[in-house]
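Read the structure below first, then the notes.
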Amino acid sequence: MGWFAIAINLVFINGVIAKVVPVLFEKMQQSIDARHQVENMLLVKQAELNSIVQELEIKNANLNQLITGVSEDLQDPLRNIISFMENLKRKYVGKLDERAHQYIDFAIGGGHKMRDIILGLLEIAKIGKKREDSEYFHVDEIVQKVLLLQRKSIQNSNAKIEFGELPMIFAPKTYLLQVFNELISNSLKFCDPDNFPVVKISYQEADCWWQFAVKDNGIGFDSSDGKDPFTIFSKLHLSNEKQGFGIGLALVRKILENLQGSVWAESTPGQGSVFLPENPKSCLIFA
């Protein structure tokens, strides 16, 4: 009876194996096939992504080359126009009526604005073209340098720049100097004419990020209307209000994206703005 029971069990086990094993092999084969399909799809998507990245790099290089070429070609005739109009104003002082002098001033002012736009475009085109070495430095140092650069604007507007002890970070110092210079300059430019400008600089530390805040009490803008203040030539205010060229904040974004960081803004009309640049704790600049 014992051997009979064993024989019956063996027959049962063999039957189970005969039924289960083919199913297992079939499932394994299906899994392998599905894995191969996924791998092939990933390879195709990777190839498509590489193609898109290559195309974007080519377009970006062509755009930067176009900006640089056009900007440099425009500078010489623009300098000549400004110089000619200034000489004309000096030579015919007292000989032209008030309206003629006004027209000359408009031409000179327009020439200087165009020159500033050209220089701004060149600055944007330069970002990422060459490797900038990172170093350890206190952010307080570059803010103090910005205060020297903006000394005239600060004195003319009786502005107050407030900041406490800021952290030591590892990043390209020149790039971060540009970022804070543009943000503080922007706050001074769009100040409320009824109040003295107050700009407060602070920071928060996360595991992998330094998040800074440049907050002002200026005229602000409507951040809920979907307009991106960091888009080049972006205009957030009406033509009869204060306005810039729409280059400074675009430069800030490109610098921080090149540092693998980001920036955004929060604002309400009449209640000031806060700009929030975020910088990774370890930055590598790729040429």
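The values are calculated or read from the model by the stated rules, or taken from the named source; none is laboratory data. Just so it is clear, the structure is predicted and the values come from calculations on it, not from any experiment. Positions of Cβ are backbone-derived with ideal geometry, glycine not excepted, and every protein chain shown enters the neighbour counts. Note: areas computed on protein heavy atoms with side chains; ligands, DNA, RNA excluded. Shrake-Rupley method; radii C 1.70, N 1.55, O 1.52, S 1.80 Å.
For this structure, a couple of remarks:
- Other-chain or far-sequence residues with amide H under 5 Å of residue 281's (modelled H): 209, 210
- Relative contact order for the range 154-274, counting Cα pairs under 8 Å that sit 6 or more residues apart, in percent: 26 percent
- For the peptides 85-96, 150-161, 165-176, the ranking by mean Cβ contacts within 10 Å, running from highest to lowest, is 165-176, 150-161, 85-96.
- Ranked by how many other beta carbons lie within 10 Å on average, peptides 102-109, 255-262 from highest: 255-262, 102-109
- Each peptide in 194-201, 117-124, 179-186 receives the mean, over its residues, of other Cβ atoms within 10 Å, and ordering these scores from highest gives 179-186, 117-124, 194-201.
- Site pair residue 43 and residue 55 shows an inter-label distance of 2.2 nm when each label is modelled 7 Å from Cα along Cα→Cβ.
- Expressed per residue, the C-alpha convex hull volume of the range 100-180 stands at 98 Å³.
- Of the residues 68, 268, the one with the largest accessible area comes first in the ranking 268, 68, computed with a 1.4 Å probe on protein heavy atoms.
- Amide hydrogen neighbours beyond the local backbone of residue 199, cut-off 5 Å, H modeled: 160, 161, 162
- Largest accessible area first, the residues 36, 101 order themselves as 36, 101 under a 1.4 Å probe with ligands, DNA and RNA left out.
- Residue 57 accessible area, assembled protein chains, probe 1.4 Å, Å²: 110 Å²
- Probe 1.4 Å - accessible area at residue 205, Å² to nearest ten: 120 Å²
- Here's how it looks for residue 137: its modeled amide H is under 5 Å from those of 169, 171, which are all 5 or more places away or on a different chain.
- Extension gain for residue 208-residue 185 works out to 5.5 nm (0.36 nm per residue, less the C-alpha to C-alpha distance).
- Two-site label geometry, residue 86 and residue 66: point separation in nm, points 7 Å out along Cα→Cβ: 3.2 nm
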